[in-house]
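A.B. asks: First, the structure itself, so that you have it in front of you.
The values are calculated or read from the model by the stated rules, or taken from the named source; none is laboratory data. Because the structure is predicted, anything quoted here is derived from the model rather than measured. FYI the Cβ positions are ideal-geometry reconstructions off the backbone, even for glycines, and counts take in every protein chain you see. Just the protein is used for accessible areas: all its heavy atoms, side chains included, with ligands, DNA and RNA removed. Shrake-Rupley method; radii C 1.70, N 1.55, O 1.52, S 1.80 Å.
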Amino acid sequence: MEGWIKLHRKTLDNPIVMKDSAHFAVWAYLLLNATHAEKQAIFKGKRIVLQPGQLITGCISISDKLKLNESKVRRVLNLSLIHISEPTRRVVI
C-alpha cells in the first residue's frame with residue numbers, strides 16, 4: 001500500500017479517538033487501510049465495489065495487526081462513529 005492521508009490536529013480533540021491508545025491505534029489503522037478511490041473486491045464470493053473510505057477487515061485481523069485483544073477491538077469499533085455493514089466475521093467498514 002502506498003500513499004498518505006491527511007490527519008487534522010483536531011483529531012486530538014475527539015473524545016472517542018483519544019479515549020486511550022487502543023482507540024487511536026484502531027482509528028489510525030482504519031484510516032490508513034481505507035480505500036481512497038473506488039476499488040473492486042471479492043467479498044463473501046461476490047464482486048463488490050468499495051467506495052472511498054471503505055475497507056474489508058475484521059476484528060481478528062485488526063487485533064493481530066495491532067497486537068490488541070480482540071474484545072478490545074470489538075469494543076472500540078462499537079463505540080466509534082463507524083458504520084459496520086455486518087457485525088460478524090469480515091466486514092465492510
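A.B. asks: If the Cβ limit is 7 Å and pairs must be 6+ apart or interchain, which residue in region 49-78 that is open to solvent by 60 Å² or more (accessible area, probe 1.4 Å) pairs with which residue that is of a type outside the set (A, V, I, L, M) and part of a helix (DSSP H, G or I)?
C.D. replies: I60/E70; K65/Y29; N69/S63; E70/C59; E70/S63; R74/C59
A.B. asks: Filter region 38-61 for residues that are of a type in the set (A, V, I, L, M) and in contact with a helix residue (DSSP H, G or I) (Cβ under 9 Å, 6 or more places away or on another chain); which is nearest to L7 (Cα to Cα)?
C.D. replies: L55
A.B. asks: With closer than 19 Å to N14 by Cβ and at pLDDT 90 or above as the only criterion, which of L81, L66 stands out?
C.D. replies: Matching residue, one of L81, L66: L66.
A.B. asks: Test S85 against the criterion of being over 17 Å from L7 (Cα atoms), surrounded by fewer than 14 Cβ atoms within 10 Å (Cβ to Cβ), among the hydroxyl-bearing types (S, T, Y) and touching a strand residue (DSSP E or B) at 6+ places or on another chain (Cβ under 6 Å), and give yes or no.
C.D. replies: yes
A.B. asks: Considering only region 7-43, state which residues are open to solvent by 70 Å² or more (accessible area, probe 1.4 Å) and without any contact (Cβ under 8 Å) to a residue 12 or more places away in the chain.
C.D. replies: If the condition is that a residue be open to solvent by 70 Å² or more (accessible area, probe 1.4 Å) and without any contact (Cβ under 8 Å) to a residue 12 or more places away in the chain, then H8, R9, K10, L12, D13, P15, M18, S21, F24, K39, Q40, I42 are the ones that fit.
A.B. asks: Okay, next question. So which of K65, K6, K72, K10 ends up being part of a loop (DSSP other than H, G, I, E, B) and basic (K, R)?
C.D. replies: K6
A.B. asks: I've got another one for you. Check off (1) at negative phi; (2) modelled with pLDDT of 95 or more for G58 and give me the number that stays unchecked.
C.D. replies: (2)
A.B. asks: Going through region 1-57 one residue at a time, which ones are in contact with a Lys or Arg (Cβ under 7 Å, 6 or more places away or on another chain) and within 22 Å of E70 (Cα to Cα)?
C.D. replies: A22, Y29, I56, T57
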